[in-house]
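Structure, as structure tokens:
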Amino acid sequence: MENQELEQLRYPIGRFERPDTITKAQIEAWIKVLEQFPLRLEALVKPLSKAQLDTPYRPGGWTVRQVVHHLSDSHHHSYTRFKWALTEDKPVIKAYNEANWAELHDSKTALIPMSLEHLKALHYKLVYLLKGLSEAQWNKSFIHPETNSEVPLKLNVGIYAWHSNHHYAHIENLLKRNGWI
């Protein structure tokens, strides 16, 4: 498989691009993505068979099941990072090895409704929190230990809106390639 083709399979909507300026309208659009994401994802994956759920979205990639569980795990971490940044002064967050998490028994075999329901509840809480933030709170940040970079909350909301659409596209593209939708 050519590098360009693999890159397209890995990043079907492109890599996240940090905007030079983040506007209030952009933040609101990103929050809307997060608000709608759990139900969009559920509608996409709920009708799938066990065999379809256990199909990798690309050669060497995670299965649809692993992607759904990863989204639940990753967005749970994100919610915690928002809370830390809002209640501490530039906390250094805890990174986790998402590839190793995706290889755990629950990520590889658990039924997806547990993660779909978790995402619904988590996004409900996250969106409620985000809609109430002041401008000063949006400018609060955390430090990511892998890059030693400061991540403002107004950027983090964009990263997770992108992350939602990124993995949704992985699954949707697989379903289209295989004629499942």
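The values are calculated or read from the model by the stated rules, or taken from the named source; none is laboratory data. These figures come from a predicted structure and were not determined experimentally. Neighbour counts are summed over all protein chains in view; Cβ atoms, including those assigned to glycine, are modelled from backbone coordinates with ideal geometry.
Listing for the model above:
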item: Residues of segment 1-49 classified as in a loop (DSSP other than H, G, I, E, B) and either aliphatic (A, V, I, L, M) or touching a Ser or Thr at 6+ places or on another chain (Cβ under 9 Å) (or both), total; result: 4
item: Hits in segment 50-85 (condition: touching a residue at least 24 places away in the same chain (Cβ under 8 Å), of a type in the set (A, V, I, L, M, F, W, C) and in a helix (DSSP H, G or I)); result: 53, 64, 67, 68, 71, 82, 84, 85
item: Of residues in segment 15-34 being within 26 Å of residue 120 (Cβ to Cβ) and touching a Leu at 6+ places or on another chain (Cβ under 7 Å), the one surrounded by the most Cβ atoms within 10 Å (Cβ to Cβ); result: 34
item: Scope segment 74-106; condition of a type in the set (Phe, Trp, Tyr) and exposed (fewer than 14 other Cβ atoms within 10 Å of the Cβ); matching residues; result: 96
item: Residues located in segment 123-139, provided they are closer than 13 Å to residue 83 by Cβ and not in a loop (DSSP other than H, G, I, E, B); result: 125, 126, 128, 129, 130, 137
item: Residue in segment 140-153 that is among the acidic types (Asp, Glu) and assigned to a helix (DSSP H, G or I) present; result: no
item: Residue 108 being of a type in the set (Lys, Arg), in contact with a strand residue (DSSP E or B) (Cβ under 9 Å, 6 or more places away or on another chain), at pLDDT 95 or above and assigned to a loop (DSSP other than H, G, I, E, B); result: no
